[in-house]
Amino acid sequence: MRLRYIFLSFLTAIFVAPTLGQSATGSSMTLPLDVAIIRDSTPLSNNLSSQDKEFLVSKHYIGIRYVCNQDTILEEHVLGFPPNVMKEIHSHGKEIIPYLISQIDIDDKGIAGFVNPYESNLQDMVIGSPLGINYAYMIELIMAKDSLKDKPVVVDGYSSWEEKMEPYKLFGQCVIVREKDKDNPTASILSSDDMKAIKKIYSIWWENNKNDSPESLRKKWIESGGPLRNTSYTWR
């Protein structure tokens, strides 16, 4: 089991290493005044590093802060959102949606969606996927649920992870694929052009619906589906 974590951390490092170039060191970066600082070590398929991190969340910013070689590193693009971070993002409701949309076409890759880190089969993991998918997913989660409540978990390992993540999962893997590939388990990874197109879809949807109340947005999502409905893309 220990070897599996090492291997997955190695894969994540390979595909996410370029994001380090977008880091800020020291205290020169000014954080929003309303930022919440959150610690959550729940392992996710797209956040397997054991490095001690603080997640920083406001309605205009989501990032991480950690110490490396005595330098404080700030990164805006987060590899994955553990449960407590998702709850904080969700708590901002529709006010955080413009920021989430702005991050959909970020030029960073990693592992998008949810895959049980205790699962021994790596076939379902989409390595090198655009991390913007995770930001788009949070928009769906905000619209789909009026609150996020953890389930009590008493068993460690595979079953406990599945139970813990259940309140946060709307779809199977929670990833975006091309509509024509929705039943293809080996669908190719979305390109940067795909993510720009998806960002445009969400932007147009938001422009048309930004004045709706949260209750109205949620009602539309339940009755008609999310922004990707009847487009070239779908959630899987």
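Of everything in region 193-217, what is under 18 Å from K94 (Cα atoms) and β-branched (V, I, T)? Give them in sequence order.
I201, I204
Take region 67-103 and flag every residue that is surrounded by fewer than 19 Cβ atoms within 10 Å (Cβ to Cβ) and part of a loop (DSSP other than H, G, I, E, B).
Of everything in region 67-103, those that are surrounded by fewer than 19 Cβ atoms within 10 Å (Cβ to Cβ) and part of a loop (DSSP other than H, G, I, E, B) turn out to be N69, Q70, E76.
Counting only residues that are outside any strand (DSSP E or B) and either at pLDDT below 70 or in contact with a Lys or Arg (Cβ under 8 Å, 6 or more places away or on another chain) (or both), how many does region 53-66 have?
Number satisfying all stated conditions: 1.
Just to be sure I understand, how many residues within region 67-96 are in contact with a Lys or Arg (Cβ under 6 Å, 6 or more places away or on another chain) and within 24 Å of K220 (Cβ to Cβ)?
Of the residues in that region, 3 qualify.
The values are calculated or read from the model by the stated rules, or taken from the named source; none is laboratory data. Since this is a predicted model, take the numbers as computed values, not measurements. Positions of Cβ are generated from backbone atoms using ideal geometry, with glycine treated the same way; all protein chains shown enter the neighbour counts.
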